[in-house]
1. So, in nm, how far is label Ser289 from label Asn43 when the simple model puts each one 7 Å beyond its Cα toward the Cβ?
2. Helix 219-238 against the longest principal axis of the chain: what's the angle in degrees, Cα atoms only, rounded to the nearest 10?
3. Cut-off is 10 Å between beta-carbons; in what order do Ser228, Ser365 appear when sorted fewest neighbours first?
4. Just to confirm the number: angle between the C-alpha axis of helix 253-262 and the first principal axis of the chain, 0 to 90 degrees, nearest 10?
5. What does the extension gain come out to for Asp36 and Thr306, with contour length at 0.36 nm per residue minus their alpha carbon separation?
6. Return the single residue from Ala233, Ala117, Ala343 with maximal mean-square fluctuation; model: Gaussian network over the chain, springs between Cα atoms under 10 Å.
7. Do you know the relative contact order of the chain, to the nearest whole percent, from alpha carbon pairs under 8 angstrom that are 6+ apart?
8. Efficiency by 1/(1 + (r/R0)^6): what FRET value for Tyr265 and Ala243, r their Cβ-Cβ distance, R0 = 25 Å, to the nearest 0.05?
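Every number in this text was worked out from the coordinates using simple rules, so none of it is lab data. Owing to the predicted nature of the structure, the values given are computational and were not obtained by experimental measurement. Heads up, the Cβs are rebuilt from the backbone with ideal geometry, glycines too, and the neighbour counts pull from every protein chain shown.
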Amino acid sequence: MTPDALGAPDATVIPVTGDGAYDIVIGRGVLDRVGDSLGAGVNKVLIVHPPTLALLAAELRETLLGRFEVLLAEIPDAEAGKRVEVAAFCWQVMGQADFTRTDAVIGFGGGAVTDLAGFVAATWLRGVTLVQVPTTLLGMVDAAVGGKTGINTNEGKNLVGAFYAPRAVIADLDLVASLPRNEILAGFAEVVKCGFIAEPEILDIIERDVDVATDPLSDEFRRLIELSVGVKARVVSSDFKEAGLREILNYGHTLGHAIEHAERYQWRHGAAVAVGMVYAAELGRLTGSLPDAVVDRHRSILNALTLPISYPAGRWQTLLATMQRDKKARAGMLRFIVLDDLARPSVLQGPETALLYAAYQEIAS
Ligand code: GLY
């Protein structure tokens, strides 16, 4: 993590190394960095954005005009935007504008929008320049970083996609300041995850003063984003295609995904991951490695963030069936990321159903 010597004075640059290295720029008022981040040789730019960001996308377009020919593609927000028909709409816009291999796509929105934009960039002419400009906390600390792109099919989420590194990620904290508070709090689940799997300073900052930590205008909030992005950048730098280490980012997600499915995607991702982390912590405790105090810390921190830490008792069979289907999709055994201790993640592979149920009883309400 380094202060940015070039350009915006108030920016931190976190590098992602390895194949397709790029920088993540974090700061306030850093949207004017987008043009420079596109690189030389780009003529046309497609900004993919949701309806709620139409005005800001038009403003972003203004900053790029004169240097680039800029088109806008407005797409449905959230999961409704991650459909092949929406990708086809973007391909059509690009085709009609004669987009070439040296042109570029900007993903401007939350995690679903940057996933779709990334997929469009990865597939057009087998890959054009991509710059991700996440506008939500979840997008900044997770979705837009790391090069996972994709769309959903009727059979499931993210079944079609590509690992495709962006040329840059520009995270402007001013964009988060206007988000609804419950969206910010839900985004904190991924921040807390980074704290437990790798960066305990995150947990200390939240525990010190949760109101300050979750205030998008505070220095503490910015520090939390930087620390979380730092965790993700380090992990994807060493394991871009999830051959090993990257799997630790799935902490809380195995049960979390099953809860999202059971709730027909009406729960926020962060809320489901919060319950999933408490569950994973209980698994870690029951397998004998994770101290009670660390499990309790999960509950107290998530509680302070008003995130859920339990789930109705009668839903176990449904959740288990969903996790089993997920397992089949991976042609492997059911796997959970658990903690042996704070910041010591490990894989629990093929656990007994009795153990899984025992952990569920600990989180059942
Ligand atoms: N969201 C988990 C990952 O990017 O690997």
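1. Each label point is offset 7 Å from its Cα along the Cβ direction, giving 5.5 nm.
2. Once rounded, one gets 90 degrees.
3. Lowest to highest Cβ neighbour count: Ser365, Ser228.
4. Between helix and principal axis, roughly 80 degrees.
5. Full extension from Asp36 to Thr306 adds 93.3 nm.
6. Comparing Ala233, Ala117, Ala343 in a Gaussian network model of the chain, the most mobile one is Ala343.
7. Value for the chain: 14 percent.
8. 0.30
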